[in-house]
Amino acid sequence: MAELQLAILQALSVAPIDDTAVSFAGVDPNVLQGALSSLASRSMVKFASIEVDFWTLTPEADEIVEKGSHEIRLLDEVTKSLDGLKLADVGKVLGAAGKLGQLRAFKNGWVKKEGDKLVSNVSEKPADATAKDLKTIKTTGTLGDAKELAELRKRKLVIKGKLLSYKVEKGSEFALEIKKLETDLTPEMLLNGAWKDMSFKPYNFNAEGAPTRSGALHPLNKVREEFRQIFFAMGFTEMATNKFVESGFWNFDTLFVPQQHPARDLQDTFYIKDPIKADPPADKEYWKNVHEVHEKGKYGSIGYRYPWNADESLRLVLRTHTTAVSTHVLHKLAENPGPARFFSIDRVFRNEAVDATHLAEFHQIEGVIADYDLTLGDLIGFMDRFFKRMGVNKLRFKPAYNPYTEPSMEIFSWHAGLNKWIEIGNSGMFRPEMLESMGLPKDLRVHGFGLSLERPTMIKYKLSNIRELVGHKVNLDFIENNPAVRLDEDLV
Ligand code: PHE
């Protein structure tokens, strides 16, 4: 680079460099730009870059420059003999150029057909404009006649490129040698006065700092945090979700999922092998109540009426929903009943076939609200307010079925991007036999709702495959470079 810089300075000492004076062809344009920038930063030169279109010839055009255009060559062949040229011989004498030459010679009115021959239609040889124009382009890189240039481009005879040149002038610090620039001013230089004869490198306040390496929150964590803040703002308390393993009792039986229910099948739920069983719950009365509701009914419920199996209830599972956590918390609330709001956001497990939108483990966002004399209208009203805080303004509810809620509703939101209603959650009012068996008073009603954390995150980050979000195929750049999340119109 220093050599290149000296060459530039040397050339400048004679005259300013304009775009034709000195050619640096063969020098990497980046290196040239770097050399000039560095000289400019020392005020040794001033420069401006000039970019112009530069046309080059295709191999076919090169041939035309050398031998003349196809049409003129055809005319030459036709006028060679007084008899003209047999149509059948055009290909023989001119090869591949024959066909095109014939076409263009006709178009120019240079030849005409007489029987099976081509004969000349001009008294003297016309100028070969194509060859002339191409010759001009070959030497100057361009052509004054823009229309003709476009025509030649259409004929695939010329290719457009860019020619980069610089106009360089002397700067205020112009010199023929490049002084070493000091970067550090030391106490010694100050003491012995050496600084006076030294040149210092100017500060570059525009330089970008080196990127800092730092940790990054996973998109799921960012969206999770956003939801947590919404819950806190609405007066919810966070439930402890640190138990991934639950007994069938807490995950299913307390929620009146009957023991024959397909959700409890091996195909749907992961069962723990070791240890295989939990201890019965400490609240013996609750255990008994749940048993009775299943087997014969209680609290106004007629029950499922099947022989309820305690061993089945104690089998350990990876929790399939965070409603297992809500049950624990509501059971605790029964010790001191009253209005309350709880939420959780954590992992659940289902034995699902993995595809673009399903994994065997995902996260649920769950909320429960307990208050006296709540109605379904309260639940719908709450949902509207909750989702509004996420920027979701259009909701629809569809009747659904859950063993533990009645009525139950699926929640749909309008997705402007996809232009359709998409299911975002499930909700309902917990059944009386679920709440009363815990010891909660009859008039304390409890709403519950759940949604996945992955779905809004995928919408937010415009992902179509869940494996880009979770698992070993996740791109770490994606995790590190994504901006902080705001839940807004994206979810509407
Ligand atoms: N547990 C439900 C699910 O997994 C969500 C839900 C929670 C529904 C509470 C109603 C009440 O989809």
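Quick one: which of 453-466, 387-400, 63-76 comes out on top by average Cβ neighbours within 10 Å, and what's the full order, highest first?
63-76, 453-466, 387-400
Just from its helices, what would the mean residue ellipticity at 222 nm be for the chain, if runs of 4 or more DSSP H residues each count -39500 (n - 2.57) and the sum is divided by every residue, rounded to the nearest 500 deg cm²/dmol?
-10000 deg cm²/dmol
Which shape class, rounded, prolate or oblate, goes with region 154-239 when its Cα gyration tensor gives a ≥ b ≥ c as root eigenvalues, a/c under 1.5 marks rounded, and past that a/b bigger than b/c marks prolate?
The shape class here is oblate.
What are the extents of the Cα atoms of region 343-492 along their three principal axes, listed from largest to smallest and rounded to whole Å?
Sorted from largest, the Cα extents of region 343-492 read 53, 33, 25 Å.
How big is the gap, in Å, between the Cα center of region 425-444 and the Cα center of region 272-335?
14 Å
Would you mind checking which residues have amide H under 5 Å from MET409's amide H? H placed 1.01 Å from N; only 5 or more apart, or other chain.
ALA400, SER427, GLY428
Which whole-Hz couplings ³J(HN,Hα) result when phi for each residue of region 369-385 is put into the Karplus expression 6.51 cos²θ - 1.76 cosθ + 1.60, θ = phi - 60°, listed in order with x for Gly and Pro?
Each residue's phi maps through the Karplus curve to give 10, 10, 7, 6, 6, 5, 10, 4, x, 4, 5, 4, x, 5, 4, 4, 5 Hz.
When a/c is below 1.5 the answer is rounded, else prolate if a/b is larger than b/c, else oblate, so apply that to region 304-409 with a ≥ b ≥ c taken from the square roots of the Cα gyration tensor eigenvalues.
The shape class here is oblate.
Arrange ARG305, ARG347 by Cβ neighbour counts within 10 Å, fewest through most, would you?
ARG305, ARG347
Give the cross-link partners of LYS398 among the lysines, using a straight C-alpha distance below 28 Å as the criterion and excluding same-chain residues fewer than 8 apart.
LYS388, LYS420, LYS442, LYS460, LYS462
Arrange the peptides 437-444, 145-152 so that the one whose residues have, on average, the most other Cβ atoms within 10 Å appears first.
437-444, 145-152
Pull up the cross-link candidates among the lysines for LYS284, meaning alpha carbon to alpha carbon under 19 Å and not fewer than 8 places away within one chain.
LYS296, LYS298, LYS332
Taking the Cβ of LYS117 as the center, what net charge do the other residues with Cβ under 12 Å away carry, scoring Lys and Arg +1 and Asp and Glu -1?
With Lys, Arg at +1 and Asp, Glu at -1, the net is -2.
In a Debye calculation with equal point scatterers on the alpha-carbon sites of region 46-150 and no solvent, what is log10 I(q)/I(0) at q = 0.15, 0.17 Å⁻¹?
-0.66, -0.80
Mind scanning LYS46/LYS196; LYS80/LYS160; LYS125/LYS147 and naming the pairs with a C-alpha gap bigger than 29 Å?
Beyond 29 Å: LYS80/LYS160.
Given axes a ≥ b ≥ c from the Cα gyration tensor, I'd like to know whether the chain is rounded (a/c under 1.5), prolate (a/b larger than b/c) or oblate.
Cα axes put the chain in the oblate bin.
Among the aspartates and glutamates, which have Cα under 12 Å from the Cα of LYS92 when same-chain residues fewer than 8 positions away are ignored?
Here the aspartates and glutamates satisfying the reach criterion relative to LYS92 are GLU77.
How large is ³J(HN,Hα) for each residue in region 187-195, as worked out from phi by the Karplus curve 6.51 cos²θ - 1.76 cosθ + 1.60 (θ = phi - 60°), to whole Hz, x for Gly and Pro?
Residue by residue, region 187-195 yields x, 4, 4, 5, 5, 8, x, 4, 4 Hz.
Quick one: which of 130-141, 190-201 comes out on top by average Cβ neighbours within 10 Å, and what's the full order, highest first?
In decreasing order of mean packing, 130-141, 190-201 become 130-141, 190-201.
Once the Cα atoms of helix 219-233 and of the chain are each reduced to a long axis, what angle between those two axes, in degrees from 0 to 90 to the nearest 10, is obtained?
Once rounded, one gets 50 degrees.
Bear in mind these aren't lab numbers, they're just calculated from the coordinates by the rules spelled out. All values derive from a computational prediction rather than experimental measurement. Backbone-built Cβ (ideal geometry, glycine too); neighbour counts: all protein chains shown.
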